[in-house]
1. Tabulate in residue order the Karplus-calculated ³J(HN,Hα) for the range 151-165, using 6.51 cos²θ - 1.76 cosθ + 1.60 with θ = phi - 60°, rounded to whole Hz; enter x for Gly and Pro.
2. Compute the separation of the alpha-carbon centres of the range 111-167 and the range 184-217 and state it in Å as a whole number.
3. Estimate the FRET efficiency between GLU207 and LEU60 by the formula 1/(1 + (r/R0)^6), using the beta-carbon distance for r and 30 Å for R0, to the nearest 0.05.
4. What's the magnitude of the charge dipole for the range 152-229 around its Cα centre, counting Lys and Arg as +1 and Asp and Glu as -1 at the beta-carbon? Answer in Debye, nearest 20.
5. Can you list residues from other chains, or at least 5 along the same chain, whose modelled amide H is less than 5 Å from the amide H of GLU135?
6. Take the Cα coordinates of the range 168-222, assign each an equal point scatterer, and use the Debye formula without solvent to give log10 I(q)/I(0) at q = 0.13, 0.20, 0.23 Å⁻¹.
7. What trypsin sites (Lys or Arg not before Pro) in the range 151-229 are in a loop by DSSP, with at most 12 other Cβ atoms within 10 Å of the Cβ?
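None of the figures in this text is laboratory data; all of them are computed from the coordinates on show. As the structure is a computational prediction, the values presented were derived from the model and not from experiment. As a convention, Cβ positions derive from the backbone with ideal geometry for all residues, glycine included, and neighbour counts pool all protein chains shown.
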Amino acid sequence: MCSVMCVKSVSWVRLGFALGVSLLLAACSGQQVEQSTGAPPLREQTQSEYRMLLDEARQLSFTLDFDRLRMAYVKSSEYNPYGGMKLDGLPEAYSSVEQADFTDCLRNVDKVLAYNYMSLEAHMIGVLCSGQAGELDREDLHRYMVEGLMTSIENSGDGKSQASAFQTISTSELRGYIRLKGLQVLDQSIVYGKQGIYDKMQVRDLESGEEYPLFFNVSQQFVRSSMDN
């Protein structure tokens, strides 16, 4: 049996987003998501580093550095520390999955991504809904983003302590990571450390039943959130 502190590595082929509709719905059932109060659309920029890398992402570049993409996004004027949580479309996309209306799901995913292409949750739902709708090219696009973002997060640490915390740049990344790993959040607390601000998440593996803490460095979104308030 995996040790209490371990974080299981998931093969994307084996995953097949296989925790599937059941885990996706289990993770979001009963959870309220704050909707947008009219967030502005993405600003047009003069080919910023983020925009250049985003163009590569949309072309499914084999050489794209997702670490660099994520950091460029944080430095851009388009950065949203919530990453989808406060954007119109995400709650509706979850609702569409529950109703098995995959066409409507994709319409709402597009709505989220038009404002924030870096929303891990939107791409995660997009994989599921495009697969169910038989839109295989689109499924590849969303899967590419999910795999790239997840790999970048997992390469940042192991989550076992503050010192080796996963680096996440938005609420959507953190929530998407938890869901894709098949974990249920039992408790959450904010921890202030010398190296930053952390979300300590007590989680349960829905497959094995194991419970253990995971640490996420959420300094990036805390800094931007405080600037915006």
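1. After applying 6.51 cos²θ - 1.76 cosθ + 1.60, I find 5, 4, 5, 5, 6, 7, x, 10, x, 7, 7, 4, 5, 10, 5 Hz.
2. One Cα centre to the other: 20 Å.
3. 0.50
4. So the dipole magnitude of the range 152-229 works out to roughly 220 debye.
5. Here the answer is none, since no amide H 5 or more places off falls under 5 Å of that of GLU135.
6. At q = 0.13, 0.20, 0.23 Å⁻¹ the computed log10 ratios are -0.31, -0.69, -0.86.
7. Qualifying residues, ordered by number: LYS194.
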